[in-house]
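A quick write-up on the structure given underneath.
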Amino acid sequence: MMEAESDLEPRVGPVPKGEPYFHPYHHPAAGWGAAKSVTKFLLDEGTLIEGPRAIMKMNHENGGFDCPGCAWPDDTKGLKLDICENGIKHVTWELTHKRANREMFARHTVSEMHEWSDFKLEDQGRLTEPMVYDAATDHYVPISWHDAFELVGRHLRNLENPNQASYYTSGRLGNEATFLYQLMARELGTNNLPDCSNMCHEASGRALTAALGTGKGTVDLKDWEATDALFILGVNVASNAPRMLTSLTEAFDRGAQVVHINPFIEAGATKAIIPHDFLDMATFHATRTSTLDLQVRVGGDMALLRGMAKAVLEQAKTDPKAIDSQFINRHTVGFEEYRALCEATPWEELERQSGLSRADILKAARIYTDADRSIISWCLGVTQHEHGVDTVREIVNLLLLRGNLGREGAGPSPVRGHSNVQGNRTCGIDHRPEPEFLDRLAEVCKINPPRDHGLDTIGTLQAMNRGDVKVFIGMGGNFALAVPDSPFSYEALRNCDLTVQVSTKLNRSHVVHGKEALILPCLARTDKDHQRAGVQSTSVEDSMSMVHLSVGMKRPASKHLLSEPAIISGMARAALPASPTPWEWYIEDYDRIRDTMSEVLDGFEDFNRRVRLPLGFRIKQPARELIFLTESGKAEFSSAKLADVVPAPGMLALGTMRSHDQWNTTIYSDNDRYRGIKNLRELVFMNEDDMRERGISEFDPVNIVATAKDGSHRYLDGYLAIPYDMPRGCAAGYMPEMNVLIALCDYSTQSDQPLMKHVKVHITAAT
Ligand SMILES: Nc1nc2c(c(=O)[nH]1)N[C@H]1C(S)=C(S)[C@@H](COP(=O)(O)OP(=O)(O)OC[C@H]3O[C@@H](n4cnc5c(=O)[nH]c(N)nc54)[C@H](O)[C@@H]3O)O[C@H]1N2
Ligand SMILES: Nc1nc2c(c(=O)[nH]1)N[C@H]1C(S)=C(S)[C@@H](COP(=O)(O)OP(=O)(O)OC[C@H]3O[C@@H](n4cnc5c(=O)[nH]c(N)nc54)[C@H](O)[C@@H]3O)O[C@H]1N2
Ligand SMILES: [Mo]
């Protein structure tokens with residue numbers, strides 16, 4: 001594709017094919033719009049035949065590969081075609097016939113590629129062989145795998161101390177590779193294991209661990225099918241977890257209550273046509289996916305939840321059944337303090353902070369007390385805030401009040417992001433590992449793991465900037481573009497002696513690189529992985545703790561690709577020539593890695609057999625059995641101070657989010673169908689009154705100025721204003737473009753997560 005010059009270069013998305021367009025979307029989610037979009041995408045990638053063939057093998061109960069898209073679990077009722085538009089786009093993206101080969105790299109200098117859009121970088125296709133940066137010519141040139149590993153090994157061996165290297169994981173990495181990766185880092189002597197969940201669900205993990213003793217949700221799909229009320233906070237279902245639409249329509253059909261809490265009324269929060277329900281598709285039959293939509297202000301969830309708790313407690317004064325006193329007495333601590341706090345919080349404050357009326361909060365509370373069993377589900381709208389941990393704990397507080405835990409149809413249900421981000425944590429990617437885990441790792445793997453906490457994502461960037469981290473290894477993902485404060489973060493990466501990116505496609509993290517740099521191309525989820533013992537499979541864990549095998553079925557994109565476990569093993573051997581770990585032996589047969597994992601990891605006993613059961617196995621959740629691994633041995637109410645989220649006069653709270661046509665930093669097009677947007681990503685959604693007050697009309701260019709915690713400012717000019725149905729005082733736009741607005745110091749003191757959903761901004765008409 002030819003790229004035109006633009007004042008927004010290098011842009012993230014493609015050069016628009018037409019004029020910006022906006023018209024609010026009023027159709028059901030999924031359905032024929034999705035089918036049409038899929039066909040176009042298959043055609044563009046040249047995979048109209050292969051794409052559908054591959055998709056029929058996706059998410060199958062026996063064999064097949066796990067969708068590399070989101071972490072929503074597979075249908076439990078012997079699924080046949082549990083797929084979605086975005087999963088299909090995702091697989092097709094991997095199957096593309098385009099190749100970023102050595103000829104492509106020879107044609108373009110790195111400085112030249114740096115000027116390309118991120119869309120164009122990935123649009124070069126699959127990477128085909130290892131490449132090394134040659135500073136003399138400013139080109140990436142081919143390098144053998146042996147020499148590439150030796151380069152990594154030399155840098156790692158020569159560090160003055162192992163904490164000068166940092167090992168990032170993006171949530172696609174399978175469990176077996178994950179285990180080897182953390183083993184390598186810890187054998188080398190560091191816990192510097194930042195990962196993408198430092199940016200998404202760190203808050204959920206910390207809150208759930210503190211409250212319940214396990215950092216995960218407790219419910220599974222069967223619970224979703226049995227519940228009476230679903231509360232969905234801060235998830236764009238139709239775009240980011242589309243298979244959840246099936247559960248929402250099922251719930252609605254069964255008469256369950258479905259309450260969406262979001263500043264936007266997203267398409268998935270109204271009605272949907274389920275793509276694999278062919279009759280519905282043919283007859284355009286849409287099912288509602290919502291019984292109530294509450295448009296909270298950005299960051300207002302905690303106030304809403306506390307307001308609901310206050311209402312429940314008030315109701316309990318005359319109707320003792322409104323709370324489950326027996327459950328509270330037997331299984332929890334901290335109730336009296338929490339009750340007093342709720343009672344002491346005035347309604348006016350709850351209304352002001354949530355942006356909702358008392359009547360609306362009472363409505364939600366009534367739905368909650370009328371339901372025998374409730375599930376509360378959430379994603380980034382809750383976590384990427386200063387008080388993300390407090391808000392998730394407030395979710396647990398509310399659940400505990402009515403004993404919505406440890407029984408069918410009830411409990412907390414975070415929606416995880418990447419397909420294996422949860423498995424990464426389970427299998428050891430944690431910069432703050434538990435001592436018990438390290439003890440077992442030491443005993444089984446005969447290593448001496450470091451005990452000090454390591455660096456997370458933000459910590460890694462700060463350390464790079466200081467010159468304390470000199471080697472960066474990215475196991476998947478697109479670190480440069482995904483993290484906040486882009487100019488600062490680019491400098492931090494450029495400051496490194498060596499950056500290594502293990503990737504499937506060309507991206508920003510390859511053109512923003514260290515003094516020396518490697519691109520190591522790997523097999524993707526759909527590619528067949530041949531090792532000495534035959535075709536290998538890897539395991540992944542979904543949002544609901546189900547672990548199952550995924551096996552690629554396609555001829556690899558190039559014969560020079562290695563699997564992720566093989567690349568890790570190659571780097572580890574080069575860095576640790578005398579390592580007692582049988583790196584090469586592990587790669588011959590991944591069952592051997594799983595045997596070791598079963599000895600180290602809780603809940604992985606008999607791993608090789610259980611993972612081959614038709615639907616895999618579920619990792620035991622103590623909290624589900626009402627066993628709480630907390631200090632008190634009980635579920636713990638929290639009594640946190642209500643967060644103040646109301647913007648200062650003239651300021652707006654801006655959230656960054658995904659469009660429908662992107663996967664994090666991978667952009668498929670510049671359309672956002674469900675929000676009625678075409679040919680535009682450089683936009684900011686605003687409340688119409690906020691626009692009027694500032695003399696801004698639809699499509700007017702605006703200037704955005706963000707103010708960081710340290711008082712510094714960041715700017716974004718020329719973005720177009722879009723009037724949208726959202727509360728006053730709020731604004732929204734797309735990631736990753738808006739990462740330039742988020743200062744590195746703007747992270748939560750509770751979770752260390754960047755404040756990606758609450759940037760304090762001034763927006764004015766462009767001058
Ligand atoms: N197709 C597709 N699927 C994906 C991804 C993708 O990029 N594309 N990314 C994957 C990943 S890694 C993740 S972590 C998940 C992310 O899934 P989401 O959490 O859905 O991601 P976002 O697009 O950031 O959208 C956040 C939603 O929160 C709402 N929101 C913003 N601020 C607030 C708030 O203060 N309160 C509430 N209640 N809501 C708020 C926004 O309006 C939006 O609907 O999706 C995963 N699935
Ligand atoms: N402002 C703002 N920023 C955000 C967010 C936000 O809401 N707002 N969300 C944050 C969140 S939740 C997340 S998870 C991060 C995402 O951060 P990352 O996970 O780092 O980024 P992705 O865009 O998912 O990574 C895309 C790249 O992964 C590589 N890739 C794809 N498949 C494979 C594979 O199978 N193996 C390997 N080795 N590589 C592969 C490709 O080269 C591709 O270019 O972004 C974060 N950044
Ligand atoms: Mo994520």
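Descriptive notes on the structure:
- Taking first residues from the range 622-634 that are over 11 Å from Thr332 (Cα atoms) and partners that are among the aliphatic types (A, V, I, L, M) and exposed (fewer than 12 other Cβ atoms within 10 Å of the Cβ), the Cβ contacts under 6 Å between residues at least 6 apart in sequence or on separate chains come to Pro622/Leu629.
- Cross-chain or 6+ apart pairs with Cβ under 9 Å, the range 243-255 first and surrounded by 15 or more Cβ atoms within 10 Å (Cβ to Cβ), then of a type in the set (Lys, Arg): Leu248/Arg288; Thr249/Lys271; Thr249/Arg288; Phe252/Lys271; Phe252/Arg288
- When residues of the range 497-526 are limited to those that are more than 9 Å from ligand 2 (Cβ to nearest atom) and without any contact (Cβ under 8 Å) to a residue 60 or more places away in the chain, the one surrounded by the most Cβ atoms within 10 Å (Cβ to Cβ): Thr499
- Checked against (1) farther than 16 Å from Thr764 by Cβ; (2) β-branched (Val, Ile, Thr); (3) not in a strand (DSSP E or B), Thr656 passes all but a single condition, namely (3).
- Matching option when the condition is assigned to a loop (DSSP other than H, G, I, E, B), small (Gly, Ala, Ser) and surrounded by fewer than 24 Cβ atoms within 10 Å (Cβ to Cβ), among Gly459, Gly406: Gly406
- Only listed residue being within 30 Å of Ser638 (Cβ to Cβ), within 16 Å of ligand 3 (Cβ to nearest atom) and of a type in the set (A, V, I, L, M), chosen from Ala203, Ala207: Ala203
- Hey, Gly655 within 10 Å of ligand 2 (Cβ to nearest atom), outside the structural domain of Trp116 (by TED's automatic domain parsing), more than 20 Å from His90 (Cα to Cα) and not basic (Lys, Arg) or not: yes
- Restricting Thr128, Thr214, Thr137 to those that are in contact with a His (Cβ under 9 Å, 6 or more places away or on another chain) and of a type in the set (Val, Ile, Thr) reduces the list to Thr128.
- Checking the stated criteria, Val333 turns out not to satisfy the condition of being within 14 Å of ligand 1 (Cβ to nearest atom) and surrounded by 16 or more Cβ atoms within 10 Å (Cβ to Cβ).
- All conditions but one from (1) more than 24 Å from Thr332 (Cβ to Cβ); (2) crowded, with 23+ Cβ neighbours inside 10 Å apply to Thr227; the one that does not is (1).
- Selection count, the range 479-519, where residues are assigned to a helix (DSSP H, G or I) and small (Gly, Ala, Ser): 6
- Any hit, the range 532-554, residues being within 16 Å of ligand 3 (Cβ to nearest atom), of a type in the set (Ser, Thr, Tyr) and at pLDDT below 95: yes
- Filtering the range 189-200 to residues that are in contact with a strand residue (DSSP E or B) (Cβ under 7 Å, 6 or more places away or on another chain) and either of a type in the set (A, V, I, L, M) or within 16 Å of ligand 3 (Cβ to nearest atom) (or both) leaves Leu193, Pro194, Asp195, Cys196, Met199.
- Scan of the range 409-422 for residues that are among the aliphatic types (A, V, I, L, M) and either more than 12 Å from ligand 2 (Cβ to nearest atom) or part of a loop (DSSP other than H, G, I, E, B) (or both), ordered by number: Ala410, Val415
- The conditions of being closer than 20 Å to Arg126 by Cβ, touching a strand residue (DSSP E or B) at 6+ places or on another chain (Cβ under 9 Å), at pLDDT 95 or above and charged (D, E, K, R) are not met by Glu588.
The values are calculated or read from the model by the stated rules, or taken from the named source; none is laboratory data. The structure presented is a predicted model; accordingly, all values stated were derived computationally and were not measured. All Cβ positions, even for glycine, are placed from backbone atoms using ideal geometry, and neighbour counts span all protein chains on display.
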